[in-house]
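Report on the structure given below.
A short reminder: the numbers here are calculations on the coordinates, not readings from a lab. In this text the structure is predicted, and so the values were computed from the model without any measurement. Using ideal geometry, Cβ is built from the backbone for each residue, glycine included, and neighbour counts are taken over all protein chains shown.
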Amino acid sequence: MNSAGSSKAKIGLIGLGLMGRPMGLNLLKAGYALTVWNRTAARAEALVAAGARLAASPRAVAEAADVLFTIVSDPPALEEVLWGKDGALSGLRRGSIHVDSSTVSPALARRAAAACAERGARFLDAPVTGGTWGAEKGELVFMVGGEAGALAEVEPILGVLGKRWFHLGAHGAGQTIKLAMNLILALQVGALAEALALVTGAGIEGEKLVEVLQSSMARAPVLDVKAPLLLKGEYAPSFPLRLMHKDLGLALDLGNQLGVALPATAAAREVYNYVKGAAKEDLDYAAVMKFWKK
């Protein structure tokens, strides 16, 4: 088998949505042989046109790959592509590495790691942050749980997809950090929407609040990306609200398991839940602003 970190490593990619498709294109541009699969096959067209091979099933992707990447929407989707009919686990090659960049529970990451070990493969939970723009530019940040040796082997590939990666501990550590980080992002954007509602309700332009925030202790990089969207009311999905809602639920589940109270997260999820239920289309999580415009 080719070394997983070699430029000749064969890569499999399952999940060709907002994040997976640009990740795949960057791998092809870097000269990697890429085999792909997606539940909706039409989403593979751009990658096939760029040189990827479309497989008939998740199992066929795994059979062709030295390194298998998965990036799907939620825990049930990951369970289906791994353990479902013609699932990837049944085709995983001995000595290969499975890198899961979905955002799921730490428990599911550990379960996937154990299943990979039974096949003689290694597993890394490696969820990402950076949004669609980060995926397109190859500037994602990976939060990694698993063996340092496996991470070292895939670092050349991660370097094509991202600008930084952090080895955070054993299996599940990457997912734990990702859920904690998304909790903060959800609260920050929710707080900004709430503050804008207060300011504009007082007859002051929202831009004035953002201008002051950018020069204050309350400044956060997320303002640079999300504040313009909230001010304009433009919510094309870069990080879909439905996925942020899902991640807040996963964080609350983890808090319950650990006996850690997350009252601000619980309150935020109620707000995101309202907007998700009221939305008629797929929106970015910045659309939480709609709660105050109801």
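Taking trypsin sites (Lys or Arg not before Pro) across the range 36-131, the ones in a DSSP loop with at most 14 further Cβ atoms lying within 10 angstrom of their Cβ are 85, 94.
Explain nothing, just the number: relative contact order of the range 10-170, from Cα pairs under 8 Å at least 6 residues apart, as a whole percent.
Across the range 10-170, relative contact order equals 20 percent.
Only Cα pairs under 8 Å and 6+ residues apart enter the sum, and on that basis the relative contact order of the range 132-287 stands at 23 percent. Bridge orientation summary for the range 7-158: considering DSSP beta bridges with both residues in this region, about 15 percent are antiparallel.
For the range 205-262, applying the loop criterion from DSSP together with a ceiling of 13 other beta carbons within 10 Å to the trypsin sites (Lys or Arg not before Pro) yields 219. For the pair the range 67-132 / the range 141-220, the C-alpha centres are spaced 23 Å from each other.
Of all DSSP-defined beta bridges confined to the range 110-267, some 40% are antiparallel rather than parallel. Listed by chain and number, the aspartates and glutamates whose alpha-carbon sits under 16 Å from that of residue 163, ignoring those within fewer than 8 places in the same chain, are 136, 139, 155.
Its Cα gyration tensor gives the range 176-293 an equivalent ellipsoid; the semi-axes, largest first and in whole Å, are 24, 16, 13.
Annotation for the range 186-294: GluC sites (Glu not before Pro) lying in DSSP loop with at most 10 further Cβ atoms inside 10 Å of their Cβ are 281. Cross-link partners for residue 280 among the lysines, with Cα-Cα distance under 28 Å and sequence neighbours closer than 8 places in the same chain left out: 178, 226, 232, 246, 290, 293, 294. Taking the DSSP beta bridges with both ends in the chain, the antiparallel portion is around 15 percent. Candidates 30, 99, 138 compared by Cα position along the dipole of the range 10-170: farthest toward the positive end lies 30, with charges placed on Cβ.
Here the dipole of the chain is about 360 debye; that uses its Cα centre as origin and unit charges on the Cβ of Lys and Arg (positive) and Asp and Glu (negative). Relative contact order of the chain, taken over Cα pairs closer than 8 Å and 6 or more residues apart, is 14 percent. Projected label points at residue 234 and residue 117, each 7 Å from Cα along the beta carbon direction, are separated by 4.9 nanometres.
Under the simplified labelling scheme, the residue 166-residue 261 pair shows an inter-label distance of 2.7 nm, with each label point 7 Å from Cα along Cα→Cβ. About the centre of its Cα atoms, the range 10-170 shows a dipole size close to 200 debye [charges on the beta carbon of Lys, Arg (+1) and Asp, Glu (-1) only; nearest 20 debye].
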